[in-house]
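Below: the structure, in structure tokens.
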Amino acid sequence: MIDLRSDTVTRPTAAMRAAMAAAEVGDDVYGDDPTVNRLQAVAAERFGFEAALWFPTGTQSNLAALMSHCQRGDEYLVGQDAHTYKYEQGGAAVLGSIQPQPITNQPDGSIALADLAAAIKPDDVHFARTRLLALENTIGGKVLPPAYVAEATALAKSRGLATHLDGARLANAIVRLGVSERAAVAGFDTVSFCLSKGLGAPAGSLLFGSLPYLAQARRWRKALGGGLRQAGVLAAAGLHALEHHVARLAEDHANAARLGAGLAALGLKVDPVQTNLVFVELPPALLAALRTQLPAQGILAALGPKTRLALHLDVSAAQVEQVITAFTRAVDSAGTVSTEAGSGNAARAYPAAAGAAR
Ligand SMILES: *Cc1c(COP(=O)(O)O)cnc(C)c1O
């Protein structure tokens, strides 16, 4: 199987499983798990925060962070495309009584500073209290420009807002930019960081912040059902991932770039590839061909008019070539392709993608 649906599908490596099997454990609700405590201490030091708190999922880590920053009736500024707004069932509103103020994301994933400034409400009984700016990095596989992050967080601070980063895939941004963890989180009061995406742990996210924030987040974690007992077996996977699986993300980025280039060479519209995610537009006839042909070749993908293909630890460079070959066959069989003689693959043309998102 070549599973391109997400970078969450990775299975723990043999070395990771060995580390998990050997982990010392205790009851983490009592703060007694030595492996959880070690992971939290190691990660906090590496990211330059006072403390870190382990969560079973990134959804819960983000929610506990938002609930620690905002009281009932407060609001947070967030991108229209952000995970905390769009892909977490509105948990901040449903469970936290926090009003999201969604704002359009620019093509590079940022939120325009003017839009942010305009969305901050004055202190007036008609308005929710604007408390927090939440950014996401990477967002849709794109790395937020560091200069933008500095400006946006400075703007938030100057207007009295706290700042949260959903850094589920921040490790991809760190590797792509070649910056330190500390540099990547500068300007944020809290950061949520996934160990279970590209880093390959079976579960776990870390929330970074100051001790008072994390004390509050720890309370919310318990209320949200995230107080785990012998979580050290999972924390051991996280420690292993931090030590062994960060730098190697460059391989996923190279594989993604190769896949993007291979698909573009077939005449498909591919977004510029920055990290481990490839976004490609699939015309209807090709989409139909791929729906039958890919599974038959053991390739799993979340196919749609705009398809996201995720590269990760369990997809090799050789498998990327298999995927490109499979797409090439599908293009050849789709029947809607007209190849102009003499100008090679790049000249393959498609009818307009009716019904496609863009
Ligand atoms: C996956 C993801 C999350 C949530 O993580 P889970 O561990 O799946 O709950 C949050 N934010 C972003 C940007 C993500 O990609």
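The values are calculated or read from the model by the stated rules, or taken from the named source; none is laboratory data. Since we're looking at a predicted model, the values are computed, not measured. Note: ideal-geometry Cβ built from the backbone for every residue, glycine included; neighbour counts use all protein chains shown. Calculation scope for accessible area: heavy atoms of the full protein, side chains included, ligands and nucleic acids excluded. Shrake-Rupley method; radii C 1.70, N 1.55, O 1.52, S 1.80 Å.
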Item to check | Vicinal HN-Hα couplings computed from phi for the stretch 275-280 (Karplus, 6.51 cos²θ - 1.76 cosθ + 1.60; Hz; Gly/Pro x) | outcome: 10, 9, 10, 10, 10, 10
Checklist outcome for this item: To the nearest Å², the heavy-atom accessible area per residue of the stretch 1-113 with 1.4 Å probe amounts to 45 Å²
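Please compute the alpha carbon radius of gyration of the chain, then divide it by the globular-protein estimate 2.2 N^0.38 Å. Two decimals is fine. Can you show the working numbers first?
Values: Rg = 21.7 Å, N = 358, 2.2 N^0.38 = 20.6 Å.
Compared with the compact-globule rule of thumb, the chain sits at 1.05.
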Next on the checklist: Based on alpha-carbon centroids, what's the gap between the stretch 254-325 and the stretch 16-57 in Å, whole number please?
Outcome noted: 36 Å
Checklist outcome for this item: Of the accessible area of the chain, computed with a 1.4 Å probe and all protein chains kept, carbon and sulfur make up a percent value of 54 percent
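On average, how much accessible surface per residue is there in the stretch 114-186, in Å², for a 1.4 Å probe, leaving out ligands, DNA and RNA? If you can, show how the numbers build up before the last one.
Numbers: 3170 Å² over 73 residues.
I get 43 Å² per residue for the stretch 114-186.
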Checklist outcome for this item: Under 5 Å from the placed amide H of Ile103, counting only residues 5+ away or on other chains, we find Val78, Gly79, Gln80
Checklist entry - Got a number for the accessible area of Met20? Probe 1.4 Å, square angstrom, nearest 10. => result 30 Å²
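Enumerate the helices in the chain for which the Kyte-Doolittle hydropathy averages -1.0 or more and the C-alpha atoms extend at least 15 Å along the helix's axis, using complete DSSP H runs. Write out the running numbers ahead of the final one.
Details: long enough: 34-47 (19 Å, -0.10); 58-69 (16 Å, 0.02); 146-158 (18 Å, 0.40); 211-223 (18 Å, -0.90); 232-244 (17 Å, 0.93); 249-264 (22 Å, 0.20); 284-296 (19 Å, 0.81); 317-333 (24 Å, 0.38).
Answer set is 34-47, 58-69, 146-158, 211-223, 232-244, 249-264, 284-296, 317-333.
Would you please name the GluC sites (Glu not before Pro) within the stretch 1-101 that are DSSP coil residues with at most 15 other C-beta atoms within 10 Å of their C-beta? It would help to have the intermediate numbers written out before the result.
On the way: sites: Glu24, Glu45, Glu50, Glu75, Glu88; in loops: Glu24, Glu50, Glu88.
Within the stretch 1-101, the qualifying GluC sites (Glu not before Pro) (loop, at most 15 other Cβ atoms within 10 Å) are Glu24, Glu50.
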